[in-house]
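See below for the structure under consideration.
The values are calculated or read from the model by the stated rules, or taken from the named source; none is laboratory data. Remember, it's a predicted structure, so these values are computed and weren't measured experimentally. Note: ideal-geometry Cβ built from the backbone for every residue, glycine included; neighbour counts use all protein chains shown.
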Amino acid sequence: MPSALPLLSRSLLEDLLIRRRRATELPPPSLLRAPETILQFGSGRFLRGFIEDFVQVANADGNYSGRIVAVQRDTDHRSEAAERQDHLYTLILRGVGEGGRTEVKRIIASISRLLVASRDWNAILAVGANPQIRVIVSNATEAGLSLDPADTADSKPPRSFVGKLTLVLAERWRSTAGTDADVAVIPCELVQENGPLLQKLILDQARAWKLAEGFDAWVRTSVHIANTLVDRIVVGTPRREVLDAEWETLGYRDEVLDIAEPFYLLAMEADAFVRRHFPLDRVLPNVKYVDSLRPYRMRKLRILNGPHMILAPVGRLLGLETVLEAMADAQLGRLVEEAIFQEIIPAMDRGDESVNASYAHQIVGRFRNPAIEHKLLGICTEITTKTGIRLFPTIRDHMQRRGALPERTLLALAAMVMVVRDPAVQDAHGGYIRDRWTSVDMDSSESLLAFTSDVLTHQSEWSHESIDVRAVGPAVADLLRRLDADGLRVAIARRYGLRTEGGVFG
């Protein structure tokens, strides 16, 4: 029985190191003694399958020596499990290569400790002020790059990530008098120009709180914020029956086991300070310092993340649970591929068609990876903001270059409105849309259009991406009307000519 297996812990790892077990990659013993050099805001599945993995690989190769202090907003089962396991966990990388399925299992030991902001705020400030900390990493989600008006300089801690980071930086500046306190910041939020945006928010927060004038100047010169693009599908801990099977194979229990695909990309525009103190590119070929993120960003946002915004809400409405199931669906799988090759790529730069098409075929293969159980519900988290960031540019450029609306892509906007009405979907703006929906009269075209236009206008504000509401609003309102009247399967069949395997309407 899995419950009889030992729990992953420091003592179990030491035993495995002595026995030199080969089935699972073990961290180098030197990593367990490495200094704390990175403060990380966020402890979710993505960073645990991304930055933590990279830091361990760099330590094992001898190109870096340092560990991560992770910060989580509130205590929960993750923080409790992390403490029980001495902050160790297993990362499993599964994919499909030319020779068939690939798999790597690796015990990650790059987190030295996990601090909970609501409980350990003073300790977090102390870590931020530590001169050995030279890198700050974040993944506060797209919605996290914003200010909270309720935050104050006396909050312990502020609710917002930006508020927390601003106070941590202010404490670093005060405690060191700004001397030899430079720090690199690596934001991993999937927001265009996340580096400049984060710097602006920190400065705005500092001004709102009337922090000392010298702090403003120090942030501009000594807080070296990279502009980044991240890419790896990380699905996290599997459902219980799958987890039990993983434990049996591993020979131990791991309550926060993480699963991801082998593919990764961390591209950064950064100065020499960041490159010196975050030299992971020396051992990891897809950690790249680049002159311009634009081609990487456009391909990733539009060809990977954009289709996710179709797959996730439409798939949820169809009763599907994973990306793999959605791609296997006779209607939805074809709809997504048509959107990629007939709407998304044609809206991109004309000189990159072959590169974009090659990347798109790679993405479709990643979506169909049978080893990755990528939950649609997880993709739907903060979908109101994500949809604006990931689809509005495609809609905008398609209209400009093709003189027409991208009909398949617009379905995602209508599906977003419908799926966010489900309270199971975590979204900071879901309550607003649900409240507005209660006043919609489906028999009134004017009422439905007013609602749709209002939602699109707010999405533009939430995502910082513009859209022609007057052109797009009526089309999305019409889709909402069709979905309400015909049902999703019938509407897809009639609107896009896509039948199910069982017939016209399934």
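Listing for the model above:
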quantity: Every residue from segment 43-77 that is small (G, A, S) and either at pLDDT 95 or above or not assigned by TED's automatic domain parsing to the domain that holds R276 (or both); calculated: G49, A58, A60, S65, G66, A70
quantity: Filter result (among the aromatic types (F, W, Y) and in a helix (DSSP H, G or I)) within segment 289-305; calculated: Y296
quantity: Qualifying residue in segment 127-145 (condition: touching a helix residue (DSSP H, G or I) at 6+ places or on another chain (Cβ under 9 Å), surrounded by fewer than 16 Cβ atoms within 10 Å (Cβ to Cβ) and in the same structural domain as S222 (by TED's automatic domain parsing)); calculated: yes
quantity: Listing of helices (runs of 4 or more DSSP H) fully contained in segment 370-478 that carry 1 or more residues being closer than 19 Å to A143 by Cβ and of a type in the set (D, E); calculated: 430-437, 445-463
quantity: Scope segment 358-382; condition farther than 19 Å from G319 by Cα and of a type in the set (K, R); matching residues; calculated: R366
quantity: Enumeration of residues in segment 333-342 that are over 17 Å from K300 (Cβ atoms) and in contact (Cβ under 8 Å) with a residue 24 or more places away in the chain; calculated: R334, L335, E337, E338, Q342
quantity: Number of the condition not met by L448 [criteria: (1) closer than 20 Å to G144 by Cα; (2) buried (at least 18 other Cβ atoms within 10 Å of the Cβ)]; calculated: (1)
quantity: Residue check, A450 of a type in the set (G, A, S), more than 28 Å from Q192 (Cα to Cα), in the same structural domain as R396 (by TED's automatic domain parsing) and modelled with pLDDT of 95 or more; calculated: yes
quantity: Residue match in segment 64-71 (condition: part of a loop (DSSP other than H, G, I, E, B), surrounded by fewer than 19 Cβ atoms within 10 Å (Cβ to Cβ) and either among the aromatic types (F, W, Y) or in contact with a helix residue (DSSP H, G or I) (Cβ under 9 Å, 6 or more places away or on another chain) (or both)); calculated: yes
quantity: Test: residue in segment 317-334 that is under 17 Å from G365 (Cα atoms), out of contact with any helix residue (DSSP H, G or I) (no Cβ under 9 Å at 6 or more places or on another chain), in the same structural domain as L377 (by TED's automatic domain parsing) and surrounded by fewer than 20 Cβ atoms within 10 Å (Cβ to Cβ); calculated: yes
quantity: Candidates R421, R470, R481, R489 - the one that is surrounded by fewer than 17 Cβ atoms within 10 Å (Cβ to Cβ) and at pLDDT 95 or above; calculated: R470
quantity: Subset of segment 435-458 (residues that are over 15 Å from P474 (Cβ atoms) and acidic (D, E)); calculated: D435, D441, D443
quantity: From the options V234, V191, residue that is out of contact with any strand residue (DSSP E or B) (no Cβ under 6 Å at 6 or more places or on another chain) and buried (at least 19 other Cβ atoms within 10 Å of the Cβ); calculated: V191
quantity: Wholly enclosed strands (runs of 3 or more DSSP E) of segment 78-131 bearing at least 1 residues at pLDDT 95 or above and polar (S, T, N, Q); calculated: 89-97, 111-116
quantity: Qualifying residue in segment 384-393 (condition: at pLDDT below 95 and in contact with a strand residue (DSSP E or B) (Cβ under 7 Å, 6 or more places away or on another chain)); calculated: no
quantity: In segment 148-163, the residues that are among the polar types (S, T, N, Q) and surrounded by fewer than 16 Cβ atoms within 10 Å (Cβ to Cβ); calculated: T152
quantity: Single match in L7, L31, L17 (criterion: on the phi < 0 side of the Ramachandran plot, without any contact (Cβ under 8 Å) to a residue 24 or more places away in the chain and in contact with a helix residue (DSSP H, G or I) (Cβ under 7 Å, 6 or more places away or on another chain)); calculated: L17
quantity: Residue tally, condition free of Cβ contacts under 8 Å to residues at least 60 places away in the same chain and either within 19 Å of Q56 (Cβ to Cβ) or surrounded by 19 or more Cβ atoms within 10 Å (Cβ to Cβ) (or both), over segment 80-110; calculated: 1
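Here's the yes/no breakdown for (1) outside the structural domain of H361 (by TED's automatic domain parsing); (2) surrounded by 19 or more Cβ atoms within 10 Å (Cβ to Cβ); (3) within 30 Å of R19 (Cβ to Cβ):
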position: G251; (1), (2), (3): yes, no, yes
position: L257; (1), (2), (3): yes, yes, yes
position: P262; (1), (2), (3): yes, no, yes
position: M268; (1), (2), (3): yes, yes, no
position: D271; (1), (2), (3): yes, no, no
position: R282; (1), (2), (3): yes, no, no
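Here's the yes/no breakdown for (1) more than 21 Å from V230 (Cβ to Cβ); (2) touching a Ser or Thr at 6+ places or on another chain (Cβ under 6 Å):
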| site | (1), (2) |
| --- | --- |
| F278 | no, no |
| L284 | no, no |
| M298 | no, no |
| I303 | no, no |
| T322 | yes, no |
| E325 | yes, no |
| L335 | yes, no |
| A339 | yes, yes |
| Y359 | no, no |
